[in-house]
Amino acid sequence: MCGIAGLIHKGKRADIGKEMTAMLQAMKHRGPDSTGYALYGPADTSQYVMRFKVAEPSDLAASRKKGAWDIHQALKDRKRKVDERLEELGAKVIADEQPREYAFRYAFSYDGDLGRLADYIEDLDGVEILSLGHALELIKDLGDANTVSQGYNLSAFQGTHAMGHTRMATESDVDIRSAHPYWAYPYSDISVVHNGQLTNYWNSRRALERKGHRFASDCDSELIAVYIADQLDQGVELEVAMRESVNAFDGVFTYLVATGNALGMAKDTMAAKPMVLYEGDDFIAMASEEVAIRSIFPHEIDTTDPYDGEVRVWHS
């Protein structure tokens, strides 16, 4: 059991980091192992924002148990190699932050091939790009929403729309790599959160890999992100791509997908995975449980349950 949530403001920015934290914390019981955010700030096409990690939290914990403290130097060395490769490719780092010993946020200018840059950076041992885009910032780590938000100072994040995920690990490790959301490498600003299971995962993945797409994990949720990115890359509208996905995927699922200026929701035709929706004039929120939506409203509101097979898309 996991929990997903999304929100979008129309025509304005708001405290989406604070709002998403309240929604995800209200669903802590659905997934206490890890929490992830996809936050969309103001898009600046003159620069990219890259979130990446150079280790898993478990690497540090394992090192402490063994009494081997050179892991700290190894993390510094990995970060230095990232810097060297960015410089080699002609990227100019404008700003950098290090919210955790193993996690970084870089803003940089670059006019080369984004896929080549991502491949070159992730070729480094232990380095994984979590997101890379003009507006998207993807943050995920172990613990509940309050823990992750405080660790990465997300309460101060302002933007137009956001998604989040609380994860209960059932089929894979408790680590950042297996946590949601997923970025649709190497397409900037596309991310997905998902609740459910895709039973035709491997056949669909191999079909996309034969088209040249790469997967960073074995999680079926990443398939949705890559599928949508592939469709958008072919010029298909987001809502059309999502309607096609309902027929293309087998299994039970509800998922949210976001781009630089849109947020969409899709449910499979059996509608086995829950979703509650609030739709106002300038604000839309949705979550696996109504308690998440009510965590950000001080007054009474009306909510609805989307129909089976329903697809909706909203723009900021």
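The values are calculated or read from the model by the stated rules, or taken from the named source; none is laboratory data. What you are looking at is a predicted structure, and each value in this text was computed from that prediction instead of being measured. Please note: Cβ atoms are built from the backbone with ideal geometry, for glycine as well, and neighbour counts cover all protein chains shown. Surface accessibility is based on the protein's heavy atoms, side chains included, excluding ligands, DNA and RNA. Shrake-Rupley method; radii C 1.70, N 1.55, O 1.52, S 1.80 Å.
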**OP:** Per DSSP H run of at least 4 residues, take -39500 (n - 2.57); add these up for the chain, divide by its residues and hand me the 222 nm value, nearest 500 deg cm²/dmol.
**Re:** -9000 deg cm²/dmol
Original post:
Just LEU154, LEU89, LEU223 to compare: in a GNM of the chain, with alpha carbon springs under 10 Å, which one fluctuates most?
Top reply: LEU89
**OP:** May I ask for the percentage of alpha-carbon pairs in the range 9-131 that lie more than 23 Å from each other?
**Re:** 45 percent
Subject >> TYR201 accessible area, assembled protein chains, probe 1.4 Å, Å² >> reply: 10 Å²
**OP:** Taking 7 Å along the Cα-to-C-beta vector as the label spot, tell me the SER217-ASP70 distance in nanometres, rounded to one decimal.
**Re:** 3.1 nm
**OP:** In whole angstrom, note down how far apart the Cα centers of the range 82-108 and the range 182-215 are.
**Re:** 26 Å
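Within the set LYS18/LYS273; LYS18/LYS79; LYS81/LYS140; LYS53/LYS81; LYS53/LYS76; LYS18/LYS140, which residue pairs have Cα atoms separated by over 18 Å?
LYS18/LYS273; LYS18/LYS79; LYS81/LYS140
Suppose R0 equals 41 Å. What FRET efficiency, 1/(1 + (r/R0)^6) with r the Cβ-Cβ distance, do GLU279 and THR199 give to the nearest 0.05? Don't jump to the answer; show the numbers that get you there.
Details: r = 31 Å, r/R0 = 0.75.
Calculated value: 0.85.
Once fully extended, how much extra length lies between LYS18 and SER46, figured as 0.36 nm per residue of separation less the alpha-carbon to alpha-carbon distance?
The LYS18-SER46 span can extend by a further 7.4 nm.
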Subject >> In Hz, Karplus ³J(HN,Hα) per residue of the range 51-60 (6.51, -1.76, 1.60; θ = phi - 60°; x = Gly, Pro) >> reply: 9, 8, 10, 10, 5, 8, x, 5, 4, 5
Subject >> the chain: most fluctuating residue of ALA135, ALA95, ALA287 per GNM, C-alpha cutoff 10 Å >> reply: ALA95
Subject >> Part-to-part distance (alpha-carbon centres) for the range 263-288 and the range 1-42, which is given in Å >> reply: 14 Å
Original post:
What relative contact order, as a whole-number percentage, does the chain give when Cα pairs under 8 Å and 6 or more residues apart are counted?
Top reply: 26 percent
Original post:
For the chain, modelled as a GNM with alpha-carbon contacts under 10 angstrom, which of MET286, MET168, MET27 fluctuates the most?
Top reply: MET168
Subject >> Estimated FRET transfer efficiency (LYS92, ASP59; beta-carbon r; R0 22 Å; 0.05) >> reply: 0.15
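Once the piece of chain linking ALA272 and VAL240 is laid out straight, how much longer is it, given 0.36 nm per residue of separation minus the C-alpha distance between them?
Extra length available between ALA272 and VAL240 comes to 9.3 nm.
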Original post:
Could you give the accessible area per residue of the chain, probe 1.4 Å, as a whole number in Å²?
Top reply: 42 Å²
Subject >> Fraction of accessible area attributable to carbon and sulfur, the chain (%, probe 1.4 Å) >> reply: 44 percent
Original post:
When the Cα atoms of the range 60-163 are enclosed in a convex hull and the volume is divided per residue, what value in Å³ results?
Top reply: 119 Å³
**OP:** Quote the charge dipole size of the chain about the Cα centre in Debye, to the nearest 20; the model charges only the Cβ of Lys and Arg (+1) and of Asp and Glu (-1).
**Re:** 600 debye
